[in-house]
Amino acid sequence: MKILVANIGSTSLKWRLFDFSDNAERLLHKGGFERVTDYPKAIEDCLAQLKEAGAIASESDLAAVGFKTVLAKDVTGCVRLDDRVLGAMEAYNGLAPAHNPPYITGIRLFAKRMPGVPLVGLFETAFYQFAPPAMMRYAVPRGWYEIGVRRFGFHGASHKFIAERSAEMLDREDVAERARNLYRDGAKDGVSGGDLRVISCHLGGSSSITGIRNGVAIGNSLGMSPQSGLPHNNRVGDLDAEAIPYAVKTLGISIEEAQRQLTKESGLKGVSGVSNDIRDIATAAEQGNADAQLGLDLLVSEARRWIGGYFFQLNGADAIVFTAGIGENRASIRAGICANLDQLGIELDDELNNAAQGREAVISKPGSKVKVLVIPTNEELVVARETRRLLERN
Ligand code: ADP
């Protein structure tokens, strides 16, 4: 069974093709295009590459195309992307303007190009469906809650992968099994029971932190939209609710302009004034740019705030995991986040930390009560597995 996972950005198309034949999981092909201006052509070129590589003979070899969809009104989990679901995604375009519109356009183009191939979405919100209500509620009036003003949480595919893989690395196959089958079986005994506590730090272009008990998420630092939680590359993260009306009035800008600035000119880019890429910011900081240093310090400080919150909620942690572009590759950010925590049983090994770069590693000292791990995420694999499960169930 061959499943293509398509990752759609506003100007990019990336893909991975998995083969699940003979009870194995094989990555057959991966590729992508940046700076896409003609999406139908990009899809055509993707199919041509798959054929050229001998991965498929024609698109009818694809059992399905899976998508890491972000959020939809009143829909979560892993579902067929029919008109109803696309409409539900459209209803939340305003909450995820950088994600939902390109996905909807891309999915429609795939549907047109290969009408016989099922299209399936695994929503990024799915991992939080079992989180305790108090972790997901904003203290807004009932009417606001009823129209959907609540925390949803995102990066679900990535954090779910970390839940599975960290349990395997910690020799807890029971928990890994539970995490793998979470969407099939549900969180049978809620988030209680058992005792494996993991804090997963997805630090990348957009960043989030999740507390995980026995393979089940108890919450996520991203809230109602991907515009919350930690500072992101160019999005602000958490912000006081009064800040927008105050800035609109004082700066004399429109709400739309305020939103644009908070989603395009803020975060690490806004604070550093340098770039939205942490490599450039780190270089500037090394050359003495104080604003660049502040941007790095802010990311570290906010990460510690959220890790600390989950550490308390979970009554400690067995492991803290770093993943995604920054988490996998930036030893200095990991060191900053884990600094001076020996009283909590968190002791990073500098040598192991500096050596860990884009591959699985334990980076805590052998005696550290809390293990610190680096795990490259594999969101596409999670999407492919759930897509396969949906096809087999139907
Ligand atoms: P996205 O969230 O857009 O998928 P990534 O997870 O790739 O993005 O994270 C992007 C961030 O990770 C950027 O700030 C980039 O500088 C950093 N990053 C990615 N790869 C590396 C690397 N090899 N070395 C250092 N930093 C990296």
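When N is the residue count of region 6-85, what does its C-alpha Rg come to as a fraction of 2.2 N^0.38 Å?
1.21
In the chain, what percentage of the DSSP-assigned beta bridges are antiparallel, given to the nearest 5?
Close to 65 percent.
Among 70, 300, 140, which one shows the highest mean-square fluctuation when the chain is modelled as a Gaussian network with alpha-carbon springs under 10 Å?
Result: 140 has the largest fluctuation of those listed.
In terms of Cα to Cα distance under 30 Å, which lysines are near enough to residue 188, apart from those fewer than 8 places away along the same chain?
The qualifying lysines are 68, 73, 160, 369, 371.
How big is the antiparallel share of DSSP beta bridges in region 1-93, given as a percent to the nearest 5?
Just about 75 percent of them are antiparallel.
Using the Kirkwood radius built from alpha carbon pairs, what does the Stokes-Einstein equation give as D for region 1-160 at 4 °C and 1.567 mPa s, in µm² per second?
77 µm²/s
Per-residue ellipticity at 222 nm for the chain, helices alone: DSSP H runs ≥ 4 residues times -39500 (n - 2.57), over residue total, nearest 500 deg cm²/dmol?
-12000 deg cm²/dmol
To the nearest 0.05, how large is the calculated FRET efficiency for residue 340 and residue 261 if R₀ is 35 Å and r is the Cβ-Cβ distance?
After rounding to 0.05, the efficiency reads 0.50.
Give me the extension gain from residue 74 to residue 35: residue separation times 0.36 nm, minus the current Cα-Cα distance, reported in nm with one decimal.
Extending this stretch completely gives an extra 10.8 nm.
Identify the residues of region 163-177 with backbone N under 14 Å of a label point that sits 7 angstrom from the Cα of residue 188 along the Cα-to-Cβ direction, or state none.
Under cut-off, by backbone N: 174-177.
Taking 2.2 N^0.38 Å as the expected size of a compact globular protein, what ratio does the Cα radius of gyration of region 251-382 give against it, to two decimals?
In units of the 2.2 N^0.38 Å rule of thumb, it is 1.20.
With each pseudo-label sitting 7 Å past Cα toward Cβ, what's the residue 82-residue 289 distance in nm, one decimal?
5.1 nm
For region 261-370, what relative contact order do you get, as a whole percent, if you take Cα pairs closer than 8 Å and at least 6 residues apart?
Once divided by the residue count of region 261-370, the mean separation gives 17 percent.
Through the Karplus equation 6.51 cos²θ - 1.76 cosθ + 1.60, θ set to phi - 60°, convert the phi angles of region 385-393 into ³J(HN,Hα) values in whole Hz; use x for Gly and Pro.
Working through the residues one at a time gives 4, 6, 4, 4, 4, 4, 5, 5, 5 Hz.
Taking the number of other C-beta atoms within 10 Å as the exposure measure, put 244, 337, 162 in order starting with the fewest.
Arranged by neighbour count, lowest to highest, 244, 337, 162 become 244, 337, 162.
Let's test the formula: R0 of 51 Å, r as the Cβ-Cβ distance of residue 149 and residue 351. What FRET efficiency results, to the nearest 0.05?
Efficiency, from the Cβ-Cβ distance: 0.60.
DSSP loop GluC sites (Glu not before Pro) in region 250-305 with at most 14 other Cβ atoms within 10 Å of their Cβ, which ones?
Filter output for region 250-305: 265.
Distance from the Cα centre of region 243-285 to that of region 50-117, in angstrom?
Cα centroid of region 243-285 versus Cα centroid of region 50-117: 31 Å apart.
For a quick size check, give me the Cα extents of region 263-326 along its three principal axes, largest first, whole Å.
Extents along the principal axes, in whole Å: 39, 23, 20.
If you split all Cα-Cα distances of the chain into 10 Å bins from zero, what percentages do you get per bin, shortest first?
With a bin width of 10 Å, the distribution comes to 5, 22, 32, 27, 13, 2, 0.
Taking θ = phi - 60°, what integer Hz values does the Karplus form 6.51 cos²θ - 1.76 cosθ + 1.60 yield along region 63-80, in sequence order, with x for Gly and Pro?
Going residue by residue, I get 6, 5, 10, x, 10, 8, 6, 8, 8, 9, 6, 6, 10, 8, x, 10, 9, 5 Hz, with x marking Gly and Pro.
Across region 100-148, what fraction of all alpha-carbon pairs, as a whole percent, falls in each successive 5 Å bin from zero upward?
4, 15, 15, 16, 12, 12, 12, 8, 5, 1
Going by how many other beta carbons lie within 10 Å of each one, how would you line up 68, 112, 264, 2, fewest first?
Going from sparsest to densest Cβ surroundings: 112, 264, 2, 68.
Just so you know, all these numbers are worked out from the coordinates, no wet-lab data involved. Given the structure is predicted, the values throughout are model-derived calculations rather than measurements. Cβ coordinates were reconstructed from backbone atoms using ideal geometry, including for glycine residues, and neighbour counts include every protein chain displayed.
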